[in-house]
DNA sequence: AGGCGTTCCTGGGGGC
DNA sequence: TGCCCCCAGGAACGCC
């Protein structure tokens, strides 16, 4: 389940090979993978069809062209990588052919991943909150955001229109580090705790990017595994002792997601 | 506004 | 030994 650090890792891995490449064609092998366009649309909308930049916004990989963007969302099992052979992997749902002969493969076992074609980032920006790692995102802004809502903290942090990029793993990690129980209500969290949460979200994401993400279930880049799995403090540790207090970590469901918690360290604020 | 259920998919785990 | 059922999970959407 790729979250911000995993998406950033994919971009860091393929960006140099994408820059300056000109698209020859985009081939869907499974019809629904192109969400709002057809292969022919790229001739009209992308004009020169040359990749001028590759950036991340929220959990999207953005291929920037002179007159538009292709946004790619990996959802749960999507993988994006260059492939030299002429055959396609079993779960390849689409690929992009470049004039140079390079092929960018999109492999996606569960078929939730999608490609989108837009004129610019407006459409994505409108439905997404701030980037947690941006320098413009501050403690004060975050605390204000929490106070203006009265909502379950885990549901809120997972909500991409509130804050972009977090997913199930890094939400649990950030809440544990901040000693906040996932059943807490956003505007009941004390100032000191929300300040800690702000810093722990950023530190956790930054450290995970350095470690090239977390290898859980399906995530890897060209078979290379992320190293953050070794750093996880609560996620996936049900039945094991909390690293801070020794209490057994429990797993339950919060906001419809599998959630890992230390019932002693993490306080419920309501 | 917020919470919850449903949908999309498939591999894999649980139950017997 | 095998097989069937059901579920996880990101995001969008509809409903209360």
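Here are a few things to note about the model shown:
- Matching entry among A:128, A:91 (being within 30 Å of residue A:144 (Cα to Cα), within 16 Å of DNA strand B (Cβ to nearest atom) and surrounded by 15 or more Cβ atoms within 10 Å (Cβ to Cβ)): A:128
- Checking the stretch A:60-70 against the condition returns a match, with at least one residue being within 30 Å of residue A:183 (Cα to Cα) and at pLDDT 95 or above.
- Restricting the stretch A:134-158 to residues that are over 20 Å from residue A:268 (Cβ atoms) and within 11 Å of DNA strand B (Cβ to nearest atom), the residue that is surrounded by the fewest Cβ atoms within 10 Å (Cβ to Cβ): A:148
- Residue match in the stretch A:69-81 (condition: over 20 Å from the mean Cα position of the chain (by Cα) and away from DNA strand B (no atom under 16 Å from the Cβ)): no
- Residue pairs meeting the criteria (Cβ under 7 Å; at least 6 apart or on separate chains; first outside the structural domain of residue A:21 (by TED's automatic domain parsing), in the stretch A:94-111; second away from DNA strand C (no atom under 16 Å from the Cβ)): none
- Unique residue being away from DNA strand C (no atom under 14 Å from the Cβ), surrounded by fewer than 22 Cβ atoms within 10 Å (Cβ to Cβ) and either at pLDDT below 95 or within 22 Å of residue A:251 (Cβ to Cβ) (or both) when the list is A:120, A:187, A:168, A:200: A:200
- The number of residues in the stretch A:237-269 being in a loop (DSSP other than H, G, I, E, B), exposed (fewer than 13 other Cβ atoms within 10 Å of the Cβ) and more than 16 Å from DNA strand C (Cβ to nearest atom) comes to 3.
- Boolean, residue A:34 is within 16 Å of DNA strand C (Cβ to nearest atom), buried (at least 22 other Cβ atoms within 10 Å of the Cβ) and touching a residue at least 60 places away in the same chain (Cβ under 8 Å): no
- Test: residue A:116 is more than 12 Å from DNA strand B (Cβ to nearest atom), touching a residue at least 12 places away in the same chain (Cβ under 8 Å) and touching a strand residue (DSSP E or B) at 6+ places or on another chain (Cβ under 6 Å): yes
The values are calculated or read from the model by the stated rules, or taken from the named source; none is laboratory data. Note that the structure is a prediction, hence the values are computed from the model and not measured. With ideal geometry, Cβ positions are generated from the backbone for all residues, glycine too; neighbour counts draw on all protein chains shown.
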